[in-house]
Amino acid sequence: MNSPSTTIDNKLAAGISDRAFRLYCALVLRSAGEWVDIPRIASDCHLKPHQVRAPLTELATAGLIHRERRYEQGASGRKTWHTYVRMTSDSSASAIDHATEDAA
C-alpha cells in the first residue's frame, strides 16, 4: 500500500501544468483545508479568476482537490453560482506532514 506522500508525489508527477502546481501550493500554504472561493485563490497566485479554472480542473482530475458549486446571493443582491475548492483529505494530511518535515 502506498503512503499518502507517495500518492501525492505520483499525482503531481502525472503531468499537471505549472499553473496547477502553483495553485496547489497556494492551497497547501494558505487554506488549511477549508473551502476557498475562486477569486481568493486566484488573487493569492496573482491571477484572474478565469485563469485558474482549467488548472483547478487538472487538480480535481488528479484527485488533489474537491470542487463545490453553491447557489448564493452575490454582491449585487442576485442569486448566482459560486465555486469553492479545497484539498482532499489525503492531500491536506500529507501536505501538512511534508511542511512539518521541512520545518524540522
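The values are calculated or read from the model by the stated rules, or taken from the named source; none is laboratory data. Since this is a predicted model, take the numbers as computed values, not measurements. Glycine also receives a Cβ, built like all others from the backbone with ideal geometry; neighbour counts cover every protein chain displayed.
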Test Arg70 against the stated conditions and say whether it is among the basic types (Lys, Arg), over 12 Å from the mean Cα position of the chain (by Cα) and in a strand (DSSP E or B). yes
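Residue by residue through the stretch 50-66, note down the ones that are surrounded by 15 or more Cβ atoms within 10 Å (Cβ to Cβ), in a helix (DSSP H, G or I) and either in contact with a helix residue (DSSP H, G or I) (Cβ under 6 Å, 6 or more places away or on another chain) or among the hydroxyl-bearing types (Ser, Thr, Tyr) (or both).
Val52, Pro55, Glu58, Leu59 - these are the residues of the stretch 50-66 that are surrounded by 15 or more Cβ atoms within 10 Å (Cβ to Cβ), in a helix (DSSP H, G or I) and either in contact with a helix residue (DSSP H, G or I) (Cβ under 6 Å, 6 or more places away or on another chain) or among the hydroxyl-bearing types (Ser, Thr, Tyr) (or both).
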Yes or no: Tyr84 in a strand (DSSP E or B), more than 12 Å from the chain's Cα centre (by Cα), at pLDDT 65 or above and of a type in the set (Ser, Thr, Tyr)? no
Looking at the stretch 37-49, can you tell me whether even one residue there is modelled with pLDDT under 90 and assigned to a helix (DSSP H, G or I)? no
How many residues, within the stretch 19-45, are surrounded by fewer than 16 Cβ atoms within 10 Å (Cβ to Cβ), under 20 Å from Glu72 (Cα atoms) and not charged (D, E, K, R)? 2
Selection from the stretch 31-48 of residues that are on the phi < 0 side of the Ramachandran plot and either among the hydrophobic types (A, V, I, L, M, F, W, C) or touching a strand residue (DSSP E or B) at 6+ places or on another chain (Cβ under 8 Å) (or both): Ser31, Glu34, Trp35, Val36, Asp37, Ile38, Ile41, Ala42, Cys45, Leu47
